Structures are given as structure tokens and as C-alpha cells.
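Contents: one structure, followed by commentary.
The values are calculated or read from the model by the stated rules, or taken from the named source; none is laboratory data. Because the structure is predicted, anything quoted here is derived from the model rather than measured. Note that each Cβ is placed from the backbone with ideal geometry, even for glycine, and that neighbours are counted across all protein chains shown.
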Amino acid sequence: MCSRSADRKIVLGALGKPFGIQGFLYINYYSGDFSSINSFDYFLVGKDLEKLKIQEIRIHQEKCIILFQGINNRNKAELLRNKEVNVFESDLPVLKSGKYYWYELEGLTVFNECNKNLGKIRKIIETGANDVMVVSASDISIDNKERLIPYVDKKVIKRVEIKEKKIYVEWPEDY
């Protein structure tokens, strides 16, 4: 990974509706890997980036719920509903070689095995089976199509070059 910024904020998810009466909230954690949420002591919440210390994290019926210090009832939790949760980029856990955060891939130019420019990754969406890159046309891409390309390591994704802002895929240009 490239050098990390001490003040760049990375969106990790969004808070949902309150759970129970003690201040817990559901959290839509974009990573999907609930074990990684334990890497953080606090989140920066909402547009004002209020720093809230994580008190407890639980898994309830395959969904993640979170309790922040000072949020001790349903009414206080309700005030946080639908707010984004962020962390500083420098607080993200270091990933193993060959693994990337979504924000690192967004904006990369996508080339297929014939070195044809398919466009740029606009965003990545989670589908359940595997993540999918939404690749939008650019001024120098081969056409004006938007493509949905599955992020399947080694089968579809052949090489990622973060510094060069390129990703190489096995994907026909007519898809």
C-alpha cells in the first residue's frame, strides 16, 4: 500500500436503527468482515466527524450491533441513525500483500488482457457472492459502456498496480 495519510477519512459504513433500549445500533459495516471492526477504538461519526469511543460490539443474528460510550439509551442512539462512520486512513489495519481496501481501487484504470482501456473503477459493490467493480467509461476508454466486472482474484483480476493506478483483468471488451 502507498503511504498513509494521517488526516484522510475513510468511510467504513453507516449506522442503522437502534437495537434494544441500551443504546446499541445496527451498523452496516462495508467490509463485511465483522472481526476487523475490533481493530478500532473509535469511529468518527456523521458530517461533524464526532469522535465516539466504541464500548462494545456484538453479532446478533448475523448482523453487527455497536455500542458507543455515552450512548446509553435508545433515544441517544436514534440521533445517530443513518450517519456514516469513518476512521483516519492511518488507523486502518495493514493488509496482507495482494489485498486492497475498496477506496484504494476506486479511480484505477481498468485494462483487459488485450491491453484495451475499459474505463475507470467508479465504485465497488458487495453482492454476496463476490464484490463487483463498477467500471465507467472515461475520455480514453474504448467505448462509452459502463461495465460490471466481478472482483475475483486470479480468475478475473490478473494484476493490480496501485502506484501506476492500473488494474488488469481478464474480461472481453464486448461484455
Exactly one of these conditions fails for Lys47: (1) exposed (fewer than 14 other Cβ atoms within 10 Å of the Cβ); (2) in contact with a helix residue (DSSP H, G or I) (Cβ under 7 Å, 6 or more places away or on another chain); (3) not polar (S, T, N, Q). Give me its number.
(2)
Residues to consider are Glu173, Glu126, Glu164, Glu146; find the one that is at pLDDT below 95 and within 29 Å of Lys9 (Cα to Cα).
Glu126
Take the residues in region 8-41 that are of a type in the set (Phe, Trp, Tyr) and part of a strand (DSSP E or B); name whichever of them is surrounded by the most Cβ atoms within 10 Å (Cβ to Cβ).
Phe24
Determine which member of the set Asn112, Asn75 is at pLDDT 90 or above, within 30 Å of Ser141 (Cα to Cα) and in contact with a Pro (Cβ under 9 Å, 6 or more places away or on another chain).
Asn112
When region 154-164 is checked residue by residue, the ones that are farther than 10 Å from Asn112 by Cα and surrounded by 13 or more Cβ atoms within 10 Å (Cβ to Cβ) are Val160, Ile162
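Per-residue answers, yes or no, for (1) surrounded by 12 or more Cβ atoms within 10 Å (Cβ to Cβ); (2) in the same structural domain as Asp33 (by TED's automatic domain parsing); (3) not acidic (Asp, Glu):
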site: Leu80; (1), (2), (3): yes, yes, yes
site: Val134; (1), (2), (3): yes, no, yes
site: Ser141; (1), (2), (3): yes, no, yes
site: Leu148; (1), (2), (3): no, no, yes
Look at region 58-69 and say how many of its residues are over 19 Å from the mean Cα position of the chain (by Cα), closer than 18 Å to Glu84 by Cα and either at pLDDT below 95 or surrounded by fewer than 14 Cβ atoms within 10 Å (Cβ to Cβ) (or both).
1
Residues of region 65-117 satisfying the condition of being under 21 Å from Asp41 (Cα atoms) and basic (Lys, Arg)
Lys76, Arg81, Lys83
Every residue from region 7-39 that is more than 16 Å from Ile71 (Cβ to Cβ) and without any contact (Cβ under 8 Å) to a residue 60 or more places away in the chain:
Asn28, Tyr29, Ser31, Asp33, Phe34, Ser35, Ser36, Ile37, Asn38, Ser39
Pro93 being at pLDDT below 90 and either more than 29 Å from Gly128 (Cβ to Cβ) or not acidic (Asp, Glu) (or both)
yes
Among the residues of region 131-144, write down those that are within 24 Å of the chain's Cα centre (by Cα) and farther than 15 Å from Tyr30 by Cβ.
Val135, Ser136, Ala137, Ser138
